[in-house]
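What follows is a short report on a single structure.
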Amino acid sequence: HTTPKGRWEFGIFQPLTVGVTDRITFSTHPVVDILMPNLTLKVAWESICGWDFATEHTLTSPTPLLMVISREGTGGILPNDTVVPWIVTLSNTVYATRQYAKGHLFTAKIASHIAARFGPSTLPTIDLPVVFPRTSAWHDVAAFNFGVDLAGKLAGDFRYEVDVDLWLMPRAETFYAFEHSAVIAYRPLSWFGVEIGYKIILGQYPYGFDWHILPLIDLQFAVD
């Protein structure tokens, strides 16, 4: 669902989200914008047969960030002689959400990620969990992901969020990645909340199959 009109939400790791109207939301990562300009538009559409539909559209340019991490020493992830092309990515996601029990929501989603590169390139893949499938389109033009989410109230000020995602990529040797996360959110105040949970990643990388478990924690704030 979109953010209510006039409400601003942000977190330590979550994007700044602004409800322009009750059906239109803009979001961006202000800190990340310095090195990776990004902007997301989310639109809620008409409900059909009890399902609420929304689409999300994101433009990103990671080139400045890639130039910064192409270095030796601290902060260096890519070789310092990497030739970084200009990259623009467009991600489009369709969400279908409905209530499956009082206070509990089920969401199905499907997304495409398309990248355009301009100029010469010696950019290697970034073989890190979470990062690799989200950057694979930089090398193979496109990537796709499908998923389902469950969210709802547990008790009092506690809520839960559980999601499962499957990423599909064109390369035969790195064709898929599977991600699952679960989060417990505690929101004692309308303007403040805490989230804690985990994320499991299994998938194919250029060096072979691997899996990881990562902790998730965030502080969230809101202004009406």
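Per-structure values
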read-out: Residue satisfying all of: in the range 81-93; part of a loop (DSSP other than H, G, I, E, B) and not hydrophobic (A, V, I, L, M, F, W, C); surrounded by the most Cβ atoms within 10 Å (Cβ to Cβ) among these; value: Thr82
read-out: Leading residue by the ranking (nearest to the chain's Cα centre (by Cα)) among those in the range 185-197 that are of a type outside the set (D, E, K, R) and open to solvent by less than 70 Å² (accessible area, probe 1.4 Å); value: Gly197
read-out: The range 94-129, residues that are β-branched (Val, Ile, Thr), open to solvent by 40 Å² or more (accessible area, probe 1.4 Å) and closer than 18 Å to Leu168 by Cα; value: Val94, Ile110, Ile114
read-out: Residue within the range 57-65 that is hydrophobic (A, V, I, L, M, F, W, C) and at pLDDT below 95 present; value: yes
read-out: Extreme residue, nearest to Pro15 (Cα to Cα), among residues of the range 33-61 that are within 13 Å of the chain's Cα centre (by Cα) and open to solvent by 50 Å² or more (accessible area, probe 1.4 Å); value: Leu39
read-out: Test: residue in the range 17-29 that is open to solvent by 40 Å² or more (accessible area, probe 1.4 Å), among the aliphatic types (A, V, I, L, M), touching a helix residue (DSSP H, G or I) at 6+ places or on another chain (Cβ under 9 Å) and not in a strand (DSSP E or B); value: no
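The values are calculated or read from the model by the stated rules, or taken from the named source; none is laboratory data. Bear in mind the structure is a predicted one, so any value in this text is a computation, not a measurement. Note: ideal-geometry Cβ built from the backbone for every residue, glycine included; neighbour counts use all protein chains shown. Note: accessible area is taken over every heavy atom of the protein model, side chains too, but ligands, DNA and RNA are not part of it. Shrake-Rupley method; radii C 1.70, N 1.55, O 1.52, S 1.80 Å.
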